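The values are calculated or read from the model by the stated rules, or taken from the named source; none is laboratory data. Owing to the predicted nature of the structure, the values given are computational and were not obtained by experimental measurement. Note that we place each Cβ from the backbone using ideal geometry, even for glycine, and neighbour counts take in every protein chain shown.
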Amino acid sequence: MAKVKSLADLKRMKEDLQSKMDLREKSNAPDSILQVKVGMATCGIASGAKEVMNFFIEESAKRGIAAVVTQTGCMGYCYAEPTIEVKMPGKDPIVFGDVDVKKADEIIEKYVKHGELVDGIIPVNYNTID
Amino acid sequence: MRDLSEHIMDIIQNSVRANASFVELEIFEDVKKDIYKLIFIDNGCGMSPEVLANVCDPFYTSRTTRKVGLGISLLKQNAEQAGGGLDIWSEEGKGTRLEVNFSHSNIDRPVLGNIAETMMLLVGANPEMDFIYKHTTSEGEYVFDTREIKEVLEEVALNDPNILVYLKEMINENINTII
């Protein structure tokens, strides 16, 4: 049987990682790196937010983008789930709606890497009617 | 919700919103006794008896962004459709315990789904919280405890994407040895 990953391997990997990067303590400087918040309430999860959040984590590891990917609750845009809020350092946060893996890839390639806006932005002053 | 791992993500969000610092998830499987049980325990703010009485009502929510709260209702419905049920105990200031029972063999019991991904996402989004995930089957037991992980990582951030991808693989491989 193949050996399964354990905490001992994690320790080795941690040391590996430490030697590669300059020990950036993310919690100390969250404003200087990309922040992605994925709406993870019932409405988001039911629309596939888990898959989208996993994609952001895996791709930022793969493409070497320094990012904090975290979760947030329901922002009231249940019809447009999964929604994500992307905050680039020094810029205002932008909320994107109906984000699937394909859209997430477009957001990383166009908005995160080159600052180009892509379709699907929910304007901040947008209100739903009760 | 497509599988149990999505329900678990959803239910634990309630603990996160209740300001819990510790959440324990236990999955207990027994094929012979036909048991498939999920137990959630947190040390969050708990609920008053009035809130507790309304918690399974889909038109009750503590949120102000929308008027429905379907998380617990959906899980309860799934459990009842699969020959089981859902019970909640809660005390204000102490925390909440939620137990969901399914019949293991029931064809309507949702599959577990990608539980490693659920745990990884929860840990990544709430690095200051502690999570325990314990899974017991007739083949053995696996315990994932973020306190152990933090001890190993020392000053390295738990929510680094490289670490998270590794944690997901670690949980996945260990779970696959017992289910």
Evaluation of A:VAL118 against (1) in contact with a Phe, Trp or Tyr (Cβ under 8 Å, 6 or more places away or on another chain); (2) surrounded by fewer than 23 Cβ atoms within 10 Å (Cβ to Cβ); (3) of a type outside the set (S, T, N, Q); (4) in contact (Cβ under 8 Å) with a residue 40 or more places away in the chain (one fails), failing number = (4)
message = If A:ILE65 satisfies all but one of (1) hydrophobic (A, V, I, L, M, F, W, C); (2) part of a loop (DSSP other than H, G, I, E, B); (3) without any contact (Cβ under 8 Å) to a residue 12 or more places away in the chain, what's the number of the condition it fails?
response = (3)
ask   = Applying the selection to the range A:1-24, what residues are modelled with pLDDT under 65, exposed (fewer than 10 other Cβ atoms within 10 Å of the Cβ) and not hydrophobic (A, V, I, L, M, F, W, C)?
value = A:ASP22
request  = Taking B:ILE175 as the residue in question, decide whether it is crowded, with 17+ Cβ neighbours inside 10 Å, in contact (Cβ under 8 Å) with a residue 12 or more places away in the chain and over 22 Å from B:GLU6 (Cα atoms).
outcome  = no
note = Counting only residues in the range A:68-98 that are part of a loop (DSSP other than H, G, I, E, B) and away from chain B (no Cβ under 14 Å), the one surrounded by the most Cβ atoms within 10 Å (Cβ to Cβ) is identified as A:GLY97
query = Considering only residues of the range B:65-92 that are hydrophobic (A, V, I, L, M, F, W, C) and under 17 Å from the mean Cα position of the chain (by Cα), which is nearest to the other protein chains (Cβ to nearest Cβ)?
reply = B:LEU70
remark   = Residue hits (the range B:142-166; under 17 Å from the mean Cα position of the chain (by Cα) and either within 7 Å of another protein chain (Cβ to nearest Cβ) or within 30 Å of B:LYS33 (Cα to Cα) (or both)) are B:TYR142, B:VAL143, B:PHE144, B:ASP145
ask   = Among B:ARG97, B:ARG109, which is surrounded by 15 or more Cβ atoms within 10 Å (Cβ to Cβ), over 15 Å from B:ILE11 (Cα atoms) and touching a residue at least 40 places away in the same chain (Cβ under 8 Å)?
value = B:ARG109
ask   = For the range A:46-64, which residues satisfy the criterion of being of a type in the set (A, V, I, L, M, F, W, C) and more than 8 Å from chain B (Cβ to nearest Cβ)?
value = A:ALA49, A:VAL52, A:PHE55, A:PHE56
inquiry  = Checking the condition within 14 Å of another protein chain (Cβ to nearest Cβ) and not hydroxyl-bearing (Ser, Thr, Tyr), which residue from B:VAL16, B:VAL51, B:VAL31 passes?
reply    = B:VAL16
